[in-house]
Amino acid sequence: MNENVLREGLLATARSMAASGLNAGTAGNASVRCARGFLITPSGRPYEDCSSEDMSLVAMDGSWSGPYAPSSEWRIHRDIFVARPEAGAVLHAHSPFATALACHRRDIPAFHYMIARFGGDSIRCAPYATFGTQALSEAALSALEDRNACLLANHGMLVFGEDLRHTLALAIEFETLCEQYWRACQLGTPVVLGPVEMAEVVARFKSYGRAKAADTPNTANPPAELD
């Protein structure tokens, strides 16, 4: 995709993070893969004051260009793009409920089947490391193994998706699940779905939201609809 289009999309995504309640102020960051590396939101800049040209261009060797330095979390974004070729965009936010759970350093179990949306039967919380460090990036990559979202201890959430639109939607969905888990815990320990139940849901999610191939015949028992 044209780099200018990606710049506009990245800025729109960053502004949507605040509008959707994922972020406040200059916290959090987002990025999108491009031909020359990746574009990422600048460090410490209010997004409402930014233009598309303020988005920083970072090469995979860590060198960057632009009017402002890239987000201090550029290493996490770079390392996800390197390790996960399916990642087209990455989003990090200090959203209220995800951050609250992260401050308790809790994994999120399969209290709801939609946990499978993120690749498995749980969402892990990465161990704490100082923001902007390689140690934090390595902890995040470990927590993201076979997943596309995780919590960062005493920090916030991290999500990646196919593109900016998909990643923002996943982040909003993730924060909603965090709120639901937090509320369910107010009543006690939630009932957790078992491995067999979650394996079935994970398998169904592999085709969730995908168009049916033109040569795929209809069957008498089509896949169940997911909410």
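Just so you know, all these numbers are worked out from the coordinates, no wet-lab data involved. Source: prediction; values computed, not measured. Please note: Cβ atoms are built from the backbone with ideal geometry, for glycine as well, and neighbour counts cover all protein chains shown.
Which net charge results when you count Lys and Arg as +1 and Asp and Glu as -1 among the other residues whose beta-carbon is under 14 Å from that of residue 94?
Numbers: positive: none; negative: 73, 175.
Here the charged neighbours net out to -2.
Mind running the shape call on the range 13-113? Use the C-alpha gyration tensor, a ≥ b ≥ c as the square roots of the eigenvalues: rounded below 1.5 for a/c, prolate if a/b tops b/c, oblate otherwise. Numbers along the way, then the final one.
On the way: a/c = 2.21, a/b = 1.38, b/c = 1.60.
Since a/c reaches 1.5 but b/c is at least a/b, the shape of the range 13-113 is classed as oblate.
D for the chain, whole µm²/s, Stokes-Einstein with Kirkwood Rh over alpha-carbon pairs at 10 °C and 1.306 mPa s: what number? Display every interim value, and only then the final one.
Details: Rh = 18.2 Å.
It diffuses with D of about 87 µm²/s by this estimate.
If a paramagnetic tag sat 7 Å from the Cα of residue 69 along the Cα-Cβ line, which residues of the range 1-33 would have the backbone N under 12 Å from that point?
none
Any idea what Rg and Dmax come out to for the range 117-157 if you just take the C-alpha atoms, in Å?
When restricted to Cα atoms, the range 117-157 yields Rg and Dmax of 9.7, 29 Å.
Would you mind telling me the antiparallel percentage of the DSSP bridges in the chain, rounded to 5?
90 percent
What is the helix-to-structure angle for 164-185, meaning the angle in degrees between its Cα long axis and the longest Cα principal axis of the chain, kept from 0 to 90 and rounded to the nearest 10?
60 degrees
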